[in-house]
Every structure is written in C-alpha cells, then in structure tokens.
C-alpha cells in the first residue's frame with residue numbers, strides 16, 4: 001500500500017485506528033479452544049467485526065512466536081485473512097546487520113505481504129536501509145516509545161539533541177515519508193508538537209492510548225498534519241473488551257467508540 | 001547452562017569459539033537440496049563436524065524466519081539437535097514492552113530451550129528485565145555492535161558517557177554476570193580494555209572477527225578476564241568455507257584453525 005492509498009482510506013473511513021492483534025491463548029474466550037487454530041479463529045472474528053472501523057491491523061509477532069512454528073502459521077493465516085484493504089503492520093521490532101535485515105524483510109514483506117514492519121534503530125543505518133529497498137513498503141522506526149524504559153536511552157542528549165530526535169533526523173536521510181514512519185508513544189503528548197516539526201510529512205504510529213495512559217485528543221491535536229499523519233493503535237481495550245461468546249461484538253462496540261472520536265478529530 | 005558450566009567447557013575444550021548458523025538456502029551446497037529440510041541437514045552436518053571445537057552455536061533467527069513456518073521448524077529441529085552440551089544462543093535481537101518481551105522469552109527459552117537470546121536495548125529496562133526471570137538463562141544485550149551503523153546512535157555521548165556505556169552500566173543494575181552478557185563488536189578492538197573495566201565479570205559475545213575485519217588476537221588480549229569472558233563468533237568463514245560435498249570437512253578445518261589460535265591465547 002502506498003502513502004496516498006493510506007491517506008485515501010483514512011478519509012473514506014473517517015478513522016485512523018489500528019487494531020493490535022496481540023492474541024494470547026490465555027486471554028481469549030474459552031469457547032474458541034475447540035477450533036484447530038483458536039488464535040486464528042479469534043483474529044478472524046475480530047477482523048470481521050471491526051474491518052469497517054479501522055484502517056490498519058498490527059499483529060505483534062511475539063505472541064505468535066511464543067507458540068513456535070504453529071504460531072507462525074497462525075500469523076501467516078492472519079496476514080492473508082486481513083487482505084489488501086487494510087494497512088498491515090508486522091510489529092516485530094527487528095533490526096540486524098545488512099544481510100540479516102534483508103532476510104527479515106523477505107519474511108515480512110514478501111512471504112507474508114505486510115505493508116510495514118516496526119524496526120529498532122539501535123544498530124543504525126545499515127540495519128534499517130535493507131528494509132527500504134522494497135517498493136510500497138514501510139519501515140516504522142522506533143523513535144520515542146510509550147513504555148517506561150523509553151527514558152533509559154531514548155532521552156539521552158548530545159549537544160541539545162535527544163537520541164530519539166537523532167533517530168528521526170538521520171532516518172529521514174535514509175528514507176522519506178513514502179517509506180518511513182516513526183513510533184511515537186502516546187504517553188509523551190507534550191513532545192508531539194516538536195516531533196511533528198522534525199518530521200512534518202511522516203506518519204506516526206502511536207501506541208499507548210488507553211491502557212498505557214495516552215490521551216487520544218491531546219496527541220491528535222498536537223500530532224496531526226494536514227493528511228492526518230497518525231495511525232493510532234489500540235489493542236487490549238478492543239480485542240479483550242469482552243470475554244464471552246459475544247467478544248467480537250464487544251470489540252466492535254469499543255472500536256466504534258474510538259472511531260467516532262476520531263471522526264470528530266478529523267473534521 | 002550456568003556461567004560456571006560455560007567456564008568449564010571453555011577450559012575443557014580450550015576454545016571460546018561460537019559458530020553462527022546463518023543458514024541460507026542460496027549459499028549451501030547444491031547436493032543438499034535433495035533433502036526434505038536442506039537447512040536442517042546443512043546445520044546437522046556442520047554441527048557433527050565441529051562440535052568438539054566450539055563451545056557455542058548461534059543461529060540467527062532471521063535466516064529461518066525468511067522461510068516462514070517451515071523455516072521456524074528448521075530452527076526448532078536445529079536447537080534440539082545442538083542439545084545441552086553447547087551454549088545455545090538465539091541471535092534474535094528482540095526487545096519489546098514487558099508483556100511482549102515475556103512472550104519472546106517463552107518462545108526461545110521454554111519452547112526451544114536456548115540458553116541465551118540477543119536483545120536490543122533501545123526500549124530500556126522493562127523491555128529487558130522479563131528475559132531475566134528465567135533461571136540459568138542469559139540476556140546478551142547489544143552494546144557496541146560490529147557494523148558500520150553502530151556509529152549512528154551507540155556512540156552518542158551525554159556527560160562523557162556513550163550510549164553503549166550507559167547500556168552496560170544500567171544493564172548491570174538490572175542483572176549480573178550470571179544472567180547478562182554484552183555484544184561487543186570485534187571491529188572496536190581499541191575499546192575492549194575500557195569496556196572490560198566497566199563490566200569485569202560479564203561474558204562478551206564478540207561478532208565481527210574475520211569477514212568483518214576484527215582481529216582475534218587483539219580483542220582477546222584487550223578483552224579477556226580471568227575466566228576468559230569472551231565468546232567469539234565466526235559464521236561465514238566457517239560454515240561457508242567449502243561449497244562442495246566436503247563442505248563439513250572444510251568447515252572443520254577452518255574451525256580447528258581458529259580453535260588452535262584460541263588455545264594459544266587461553267594459555
């Protein structure tokens with residue numbers, strides 16, 4: 001999917017909601033256990049119930065790897081089921097030396113046809129650029145993450161420049177708004193205005209709204225650009241909104257609540 | 001495997017060699033293609049030919065993921081085949097918020113019984129500590145990596161402290177030499193002395209000897225502590241030493257060459 005196509009579906013759906021598919025066997029409704037692949041079945045029902053309300057899905061790969069090759073299969077089936085109408089993000093936080101990053105790109109972009117992959121910037125340029133060689137695919141680089149540990153290294157400062165700011169500045173030399181996005185945690189709403197100045201055209205993937213304490217209105221007001229420029233992720237509040245046979249319906253209700261808020265913020 | 005057991009096998013084998021299993025279908029000898037799982041077959045023959053010469057094996061997970069769930073299966077079989085006599089490192093460079101890192105730990109420590117996993121520190125404390133909850137398992141945290149991009153962020157400096165130094169200092173508050181190691185690239189031999197002062201007891205996993213230009217003698221002289229304290233990795237020079245039917249024999253010759261050098265450096 002291109003940046004223009006992403007912008008188009010945001011306008012059409014009046015939504016910039018991404019739903020995280022961090023599907024955990026211990027958290028899904030027990031009636032799903034009877035299926036051969038309960039994780040895929042859960043995802044399928046969540047997708048069916050929410051697909052008109054969100055513009056992106058984001059499986060976190062860890063939750064699939066935890067079940068070995070069977071889990072990897074559930075991930076492959078999930079990616080295929082999402083299809084091409086949504087922006088598909090592999091939340092994998094990969095990054096390794098050049099030839100190795102190229103293998104990760106192969107796994108997520110070619111094998112599973114994801115549109116984007118989250119990448120950790122610690123190893124620098126040659127760990128990031130191999131992902132940029134794929135047409136109409138995006139790197140979503142960790143910049144300022146939503147968790148408490150983000151303070152440990154991302155906020156270190158050299159000559160007035162934080163580590164996360166250098167990540168953004170350098171990354172926009174390696175790529176551009178058509179192939180590079182940044183993870184900016186919703187737990188730092190007061191930083192969004194300055195970060196938007198540093199990266200006026202890039203989309204930001206924003207985790208941390210809801211359970212982690214981030215505020216949708218504040219980050220939207222401070223972080224939007226004229227084509228929206230935000231993909232706001234919600235996981236637990238939506239996919240685990242219910243725990244009974246009506247879990248998908250509950251997820252839909254919650255997703256609709258968020259979409260309605262987004263519709264207001266977009267207008 | 002505990003730190004004491006690792007020290008013991010280093011003494012017994014007079015070796016601190018780790019062999020990287022970055023197995024790439026396009027690089028393995030063509031006669032292996034007839035097997036159902038050529039990647040596993042290649043690994044098996046390399047392991048059989050080198051197991052008395054090295055103390056650790058390190059599959060880089062990217063090379064398996066690139067083949068989807070089938071590749072994941074090859075990784076599972078490889079981990080099982082290595083067994084318990086070697087230190088088994090999953091070179092995965094994972095790291096995510098707490099509950100997610102715990103899922104990665106489940107995948108590599110419990111499902112596949114790896115002794116250690118490489119972890120990227122960018123997200124800070126709560127992305128690293130979930131891996132430390134597993135007994136007799138190790139985090140190998142990226143500190144100063146061997147690639148050219150290591151200069152981009154790892155060498156940023158705040159109040160005289162580089163990012164990679166803060167990583168080491170903080171990480172030794174989260175863990176200790178019994179559950180925490182560091183990746184220090186062989187391409188920075190002049191840094192080893194100072195880094196050893198900062199982390200006197202931790203093992204260092206050292207990539208970048210050989211193809212990437214690092215020098216075994218220099219990093220050993222500058223980086224060893226009184227229990228060796230180094231695990232030096234070699235990948236391409238060993239596993240791709242030959243490309244014919246005798247590839248495993250060629251790998252053995254190359255591994256033996258390195259082991260002989262190590263034997264001298266240990267005495």
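Just one of B:39, B:28 is closer than 25 Å to residue A:96 by Cα and either within 14 Å of another protein chain (Cβ to nearest Cβ) or exposed (fewer than 15 other Cβ atoms within 10 Å of the Cβ) (or both); which is it?
Numbers: B:28 fails: either within 14 Å of another protein chain (Cβ to nearest Cβ) or exposed (fewer than 15 other Cβ atoms within 10 Å of the Cβ) (or both).
Testing whether each residue is closer than 25 Å to residue A:96 by Cα and either within 14 Å of another protein chain (Cβ to nearest Cβ) or exposed (fewer than 15 other Cβ atoms within 10 Å of the Cβ) (or both) leaves just B:39.
What helices (runs of 4 or more DSSP H) completely inside region A:1-69 contain at least 1 residues that are in contact (Cβ under 8 Å) with a residue 60 or more places away in the chain and farther than 24 Å from residue A:136 by Cβ?
Details: elements: A:3-13, A:38-50, A:62-65.
Helices (runs of 4 or more DSSP H) meeting the threshold: A:38-50.
Between A:118, A:145, A:100, which is within 27 Å of residue A:12 (Cα to Cα) and at the interface with chain B (Cβ under 10 Å from one of its Cβ atoms)?
On the way: A:145 fails: within 27 Å of residue A:12 (Cα to Cα); A:100 fails: within 27 Å of residue A:12 (Cα to Cα).
Being within 27 Å of residue A:12 (Cα to Cα) and at the interface with chain B (Cβ under 10 Å from one of its Cβ atoms) holds for just one of A:118, A:145, A:100, which is A:118.
So in region B:65-78, with the set limited to residues that are buried (at least 22 other Cβ atoms within 10 Å of the Cβ) and at pLDDT 95 or above, which one is farthest from the other protein chains (Cβ to nearest Cβ)?
B:78
In region B:246-267, which residues are surrounded by fewer than 17 Cβ atoms within 10 Å (Cβ to Cβ), within 20 Å of the chain's Cα centre (by Cα) and more than 16 Å from residue B:12 (Cα to Cα)?
If the condition is that a residue be surrounded by fewer than 17 Cβ atoms within 10 Å (Cβ to Cβ), within 20 Å of the chain's Cα centre (by Cα) and more than 16 Å from residue B:12 (Cα to Cα), then B:257 is the only one that fits.
Show me the helices (runs of 4 or more DSSP H) found entirely inside region B:105-184 where at least 3 residues are buried (at least 21 other Cβ atoms within 10 Å of the Cβ) and touching a strand residue (DSSP E or B) at 6+ places or on another chain (Cβ under 7 Å). Spell out how you get there, then give the answer.
Values: elements: B:125-128, B:150-153, B:163-174.
Ranges flagged: B:163-174.
Looking at region B:219-228 only, could you name the residues that are out of contact with any helix residue (DSSP H, G or I) (no Cβ under 7 Å at 6 or more places or on another chain) and either surrounded by 21 or more Cβ atoms within 10 Å (Cβ to Cβ) or outside any loop (DSSP other than H, G, I, E, B) (or both)?
In the first step, residues of region B:219-228 are kept if they are out of contact with any helix residue (DSSP H, G or I) (no Cβ under 7 Å at 6 or more places or on another chain); the result is B:221, B:224, B:226.
B:221 - this is the single residue of region B:219-228 that is out of contact with any helix residue (DSSP H, G or I) (no Cβ under 7 Å at 6 or more places or on another chain) and either surrounded by 21 or more Cβ atoms within 10 Å (Cβ to Cβ) or outside any loop (DSSP other than H, G, I, E, B) (or both).
What about residue A:175, is it modelled with pLDDT of 95 or more and within 10 Å of chain B (Cβ to nearest Cβ)? Walk me through how you get there before you give the answer.
Details: modelled with pLDDT of 95 or more: yes; within 10 Å of chain B (Cβ to nearest Cβ): no.
Against the criterion (modelled with pLDDT of 95 or more and within 10 Å of chain B (Cβ to nearest Cβ)), residue A:175 does not qualify.
Determine if region B:83-90 includes at least one residue that is facing chain A (nearest Cβ under 9 Å) and either at pLDDT 95 or above or over 17 Å from the mean Cα position of the chain (by Cα) (or both).
Step one: of region B:83-90, the residues facing chain A (nearest Cβ under 9 Å) are none.
No, the conditions are met nowhere in region B:83-90.
Of the conditions (1) exposed (fewer than 14 other Cβ atoms within 10 Å of the Cβ); (2) not in a helix (DSSP H, G or I), residue A:190 clears all except one; give me its number.
Among (1) exposed (fewer than 14 other Cβ atoms within 10 Å of the Cβ); (2) not in a helix (DSSP H, G or I), the lone unmet condition for residue A:190 is (2).
Can you give me the number of residues within region A:229-244 that are within 13 Å of residue A:192 (Cβ to Cβ), touching a residue at least 60 places away in the same chain (Cβ under 8 Å) and assigned to a loop (DSSP other than H, G, I, E, B)?
Filtering region A:229-244 for residues within 13 Å of residue A:192 (Cβ to Cβ) gives A:229-230, A:232.
After this cut, where a residue has to be touching a residue at least 60 places away in the same chain (Cβ under 8 Å) as well, the list is A:230, A:232.
In the following step, the residues that additionally are assigned to a loop (DSSP other than H, G, I, E, B) were identified as none.
Result for region A:229-244: 0.
The values are calculated or read from the model by the stated rules, or taken from the named source; none is laboratory data. Being a predicted model, the structure only gives us computed values, none of them experimental. Every residue, glycine among them, receives a Cβ derived from its backbone with ideal geometry; neighbour counts consider all protein chains shown.
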